[in-house]
Each structure stands twice: as C-alpha cells, then as structure tokens.
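The values are calculated or read from the model by the stated rules, or taken from the named source; none is laboratory data. Since we're looking at a predicted model, the values are computed, not measured. Cβ placement follows ideal geometry from the backbone for every residue including glycine, while neighbour counts extend to all protein chains displayed.
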Amino acid sequence: MTTRRDRLRELLDAVLDEDNATLGQMAAGVYSSPFHFARQFSRGTGESPVSLRRRVLLERACWQLGGGASVTEVAIAAGYDTVEGFSRAFTRAFGHPPSATPPPMTKTPRWLPSVNGIHFHPPISLWVEGEPKGRSDMDPTALLLHHDLDDTRLLLKAAAGSSEEQYRRTRAGAATVLPWDGPEDSIATALDHLIRTKEVWLASIDGADTPGHGGDDVPALLARLDEVGPRWLDTIREIDRRGGWGDTLIDALCEPPESFVLGSVIAHVLTYSAYRRQQVRYWMREDSPENDALGWGDPIDWLRRRT
C-alpha cells in the first residue's frame, strides 16, 4: 500500500464533491476538460458522471430521509432547486414518495440499479455491490475479532514489563510476514504492525488517505489500540448489518489500484494478526519463561474467562 491515489478514485471523488454540481466543475476538480473527464469517467464506470452523481445522491437522500431528515433539507442537499422536482425524481427512482421512506433497519432497498455496482454508503463512501450475507453476533468471526483485540491488549500490557532492550531487540530468524510491511524482527515492530494494519485498512474502507504513523512505545500503542479498536468493530458491525461481506472494496491506497472482497479483508487481518500475536508471545516467553500471565492465546480460554 502507498499514499498515492488511483485515477478512477480521483474522478469519483470529483463527481461526489459537494461543490461540484456541474460537469464543468467536476472536470475542473481534477484539472481536465469536461469532454475528456466525461469520456474517462464513463470508460471506467460505464455510467456518465452526471448520471452517477444523481443516482448516488438519491441513494444518500433515501438514507437521510430514513434517519429523520426533512424532505426540504434533503432536496437541497441533493442539488434540486425545488422540493417538487426532488419528489418527482425520488418517486420515479424508488417507487414511493420521499415522505414514505421507512427507517434504516427495515429491509427496504436503498440502492438503485446500476451498471457498475457503485453505491452510496454513509457519509459519502463508494461500495461495489455483492451478494448479501449476514452473520450472527456469536459466530466464529465475531469471536475472533474480539479475541484479537483483547489478546493484543494483553500482550501490550505484558510488554510494559519488558526492558527496553528486550522490547526492541532484533530477534534472530524472525520472518518478514508480509513484504509490504517490512521486517517484523522485534516485539516492538510486531506489536506496531498488529495495530497499523487495522489503521490502514480502515482508511481504505473509508476512502481516506494513508493515516500517519503513530509511536511504537507501549503507551503510544495502547492509545492507538483504544482509538482504532472501536472503529474497527463498528465498521465490521455495519458491514454485517447491511449484509456487505461480499461487497468489493476499491482500494485507493494500493499501487496499482486493487479491489478486495470485504470478507476476505477481515479474514486477511485476522490471519496475520494471529501469527503476529503468537510470535510476540513466543519472544516474551523466551525472555520470561515464568510469565504465566501471557497465556497461550487460545480463544477457548479467552471465552471461558469472559463468561
């Protein structure tokens, strides 16, 4: 992953920018002529810029109305000059007037048909539609997600008892887990990567730029875990709530740009997190064989302690 953004994502951002209501404004946002902008955008999405913007803003309007916003404020936010014009467009698109929009937790569709599967996701994010598949709160994925965060915290607290030399010592025979992350040859680097991977994937899911890299001493890592952990769980709960495990994420942080199925992203993070946690546990046991507080990182034991 890099800090560079792919061209299609830049074009999409220009289309959805709140200040870009016309084709000319969209094109100016990426320093292009309207003709070349429209041609490049349509080639990449199969839909004209104006058409996609209109559709996605109607999807956003449906979400806003379901959350209790007034028809008037939603119509203005969607770029319509009159409430009547907005109501006609909304009714044609969804088959019911804006005033009849149900609350968010119902099964009523909030996405309109599209040739490219690109849809609105609050606040202004883009998703490629997949086959909806929900998950229960207590399935293995949910347990592994919570266990990963709790076990990371346990290891960080244990690392606070290590000397600086033990914490940062380069370990012989340590592996490079993923080539783009670089070496993970110390307790410090492995713990840092445990948290960093969630920070970067959340940025990808949110369509944001690569986040800054925080400190890697134990207090800094605990603070970063406190910040990223709840956001990580909230994001996954939202994916699950809307049945989005099969959705495809267009990752603007990769070079070249790549797409990933969201379910595979979560599986990826959990797989390498488990490896990193066990590697840190092994190194800590080397330094302090009598440290029983480390446990064995077993989800069975973790769940027993919680229930």
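Somewhere in the stretch 207-219, is a residue under 17 Å from the mean Cα position of the chain (by Cα) and closer than 16 Å to Lys157 by Cα? Before the answer, list the steps.
Taking the stretch 207-219 as the starting set, the residues that turn out to be under 17 Å from the mean Cα position of the chain (by Cα) are 207-212.
Subset that is closer than 16 Å to Lys157 by Cα: none.
So far as the stretch 207-219 goes, no, none of its residues is under 17 Å from the mean Cα position of the chain (by Cα) and closer than 16 Å to Lys157 by Cα.
Picking from residues in the stretch 158-189 that are touching a Phe, Trp or Tyr at 6+ places or on another chain (Cβ under 9 Å) and assigned to a helix (DSSP H, G or I), the one that is nearest to Gln278 (Cα to Cα) is Ile187.
Can you spot a residue in the stretch 250-259 that is modelled with pLDDT of 80 or more and either buried (at least 16 other Cβ atoms within 10 Å of the Cβ) or closer than 16 Å to Leu178 by Cβ (or both)? Checked the stretch 250-259: no residue is modelled with pLDDT of 80 or more and either buried (at least 16 other Cβ atoms within 10 Å of the Cβ) or closer than 16 Å to Leu178 by Cβ (or both). Just to verify a result, which residue in the stretch 40-51, among those that are surrounded by fewer than 19 Cβ atoms within 10 Å (Cβ to Cβ) and assigned to a helix (DSSP H, G or I), is modelled with the lowest pLDDT? The residue in question is Gly44.
Looking at Thr210, Thr197, Thr189, which one is under 30 Å from Glu10 (Cβ atoms), buried (at least 20 other Cβ atoms within 10 Å of the Cβ) and among the polar types (S, T, N, Q)? Talk me through it step by step, then tell me what you get.
Values: Thr210 fails: buried (at least 20 other Cβ atoms within 10 Å of the Cβ); Thr189 fails: under 30 Å from Glu10 (Cβ atoms).
Answer to the selection: Thr197.
Taking the options Leu178, Leu144, Leu156, name whichever one is among the hydrophobic types (A, V, I, L, M, F, W, C), modelled with pLDDT under 85 and assigned by TED's automatic domain parsing to the domain that holds Asp287. Let's see the steps before the verdict.
Values: Leu144 fails: modelled with pLDDT under 85; Leu156 fails: modelled with pLDDT under 85.
None of the others qualify; the one that does is Leu178.
Residues that are over 24 Å from Val177 (Cα atoms) and buried (at least 16 other Cβ atoms within 10 Å of the Cβ) within the stretch 273-307 comprise just one, Trp302. Do the conditions hold for Asp226, that is, is it under 23 Å from Trp180 (Cβ atoms) and not polar (S, T, N, Q)? Judged against the criteria, Asp226 is not a match. Among the residues of the stretch 52-99, how many are free of Cβ contacts under 8 Å to residues at least 24 places away in the same chain, surrounded by fewer than 16 Cβ atoms within 10 Å (Cβ to Cβ) and of a type in the set (Ser, Thr, Tyr)? Within the stretch 52-99, residues that are free of Cβ contacts under 8 Å to residues at least 24 places away in the same chain, surrounded by fewer than 16 Cβ atoms within 10 Å (Cβ to Cβ) and of a type in the set (Ser, Thr, Tyr) number 4. Residue selection: Trp180 fails the criterion of being aromatic (Phe, Trp, Tyr), more than 24 Å from Gly295 (Cβ to Cβ) and surrounded by 16 or more Cβ atoms within 10 Å (Cβ to Cβ).
Restricting attention to the stretch 52-75, which residues are assigned to a helix (DSSP H, G or I) and not hydrophobic (A, V, I, L, M, F, W, C)?
Passing the criteria: Arg53, Arg54, Arg55, Glu59, Arg60, Gln64, Gly66, Thr72, Glu73.
For Phe37, the conditions (1) in contact (Cβ under 8 Å) with a residue 24 or more places away in the chain; (2) farther than 20 Å from Trp111 by Cβ; (3) part of a loop (DSSP other than H, G, I, E, B) are fulfilled apart from (3).
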